[in-house]
Amino acid sequence: MTHTDVVRITRRDGIAHLTLNRPDKRNALNDDLIATLDAFFSAVDDSIRAIIISGAGGHFSSGLDLSQHVAREPLQVMAHSRNWHRVMALLAQSPRPVIAAMTGAVMGGGLELAATCHVRVAEETVRFQMPEGMRGIFVGGGGSVRISRLIGADRMTEMMLTGRSYSGAEGERLGLAHHCVSEGHALAKAFELAENIVRNSPTINAFIIQALAQIATMPPEAGLYAESLTAALSQSGPDAEEGLRAFLEKRAPVFR
């Protein structure tokens, strides 16, 4: 498959929909797929205000394509992992909200990919799992940081040691998903959420994503200072003026 084959990309009303398209491999993440994500998130069109990621064939992603990793030297593995970190950071730091519509297998690297997304929708039949311990490998796509932040290092340790899997409903309770829906409804819910999100100010969406992520890693006083600075920037701009005017005029705001 070429890079354009492994991820289908459609655009509609300010929403880009990326479909991981390796259904015969349960959308296992290979180098071509990661390169396609890299190319897309490195040059997102200005007309796009929200992004949805889903998987073809009933699965989000079964994780790393192990067929590409049978024999690599340690430095090669490290370089590969660091490239994943760079690409995953493009998603996590995207000023445009990224929504994961999760179905079927959300395992290993697939869960690492989902953890970079700002909003996560899971179907009840989803299977969350970190099977690396059973494969004799360690995570390499950022999961030790991002998944641990979602569910705690203790829970992630247990998942990796035992290979334990969680359903969509269990994942929602743990923090792996924000919304749990019945089978067949994840994508519709993701579009519903995206359609609401694109009505927000693009600037404020970016502040919410990027400022909160940075503040979470700061000492409390530094975080509070950053909060005040972000508030000052947001409340002195044209979007705040439009939002207030729309509220007083009892209409929906129109942000540019």
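The values are calculated or read from the model by the stated rules, or taken from the named source; none is laboratory data. Just so it is clear, the model here is predicted, and its values are computed rather than measured. When we count neighbours, we look across all protein chains shown, and the Cβ atoms used for this are built from the backbone with ideal geometry, even at glycine.
See the values below:
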{"item": "Yes/no for residue 29 being modelled with pLDDT of 95 or more, within 19 Å of residue 97 (Cβ to Cβ) and in contact with a strand residue (DSSP E or B) (Cβ under 9 Å, 6 or more places away or on another chain)", "result": "no"}
{"item": "Residues that are more than 20 Å from the chain's Cα centre (by Cα) and aromatic (Phe, Trp, Tyr), drawn from segment 134-175", "result": "138"}
{"item": "Condition met for residue 167 (under 30 Å from residue 215 (Cα atoms), hydroxyl-bearing (Ser, Thr, Tyr) and touching an Asp or Glu at 6+ places or on another chain (Cβ under 9 Å))", "result": "no"}
{"item": "Selected residue (only one of 182, 148, 167 is free of Cβ contacts under 8 Å to residues at least 24 places away in the same chain and outside the structural domain of residue 234 (by TED's automatic domain parsing))", "result": "148"}
{"item": "Residues of segment 123-135 classified as out of contact with any Phe, Trp or Tyr (no Cβ under 8 Å at 6 or more places or on another chain) and either closer than 19 Å to residue 178 by Cβ or among the charged types (D, E, K, R) (or both), total", "result": "4"}
{"item": "Sole exception among (1) touching a strand residue (DSSP E or B) at 6+ places or on another chain (Cβ under 6 Å); (2) buried (at least 21 other Cβ atoms within 10 Å of the Cβ) for residue 49, by number", "result": "(1)"}
{"item": "Criterion: within 25 Å of residue 186 (Cβ to Cβ), of a type in the set (Asp, Glu), surrounded by 15 or more Cβ atoms within 10 Å (Cβ to Cβ) and more than 16 Å from the chain's Cα centre (by Cα) - qualifying residue of 24, 65, 38", "result": "65"}
{"item": "Failed item in (1) aliphatic (A, V, I, L, M); (2) under 28 Å from residue 151 (Cα atoms); (3) not assigned by TED's automatic domain parsing to the domain that holds residue 104, with residue 244 passing the rest", "result": "(2)"}
{"item": "Unmet criterion (only one of (1) closer than 26 Å to residue 103 by Cα; (2) free of Cβ contacts under 8 Å to residues at least 60 places away in the same chain; (3) not assigned by TED's automatic domain parsing to the domain that holds residue 122) for residue 219", "result": "(1)"}
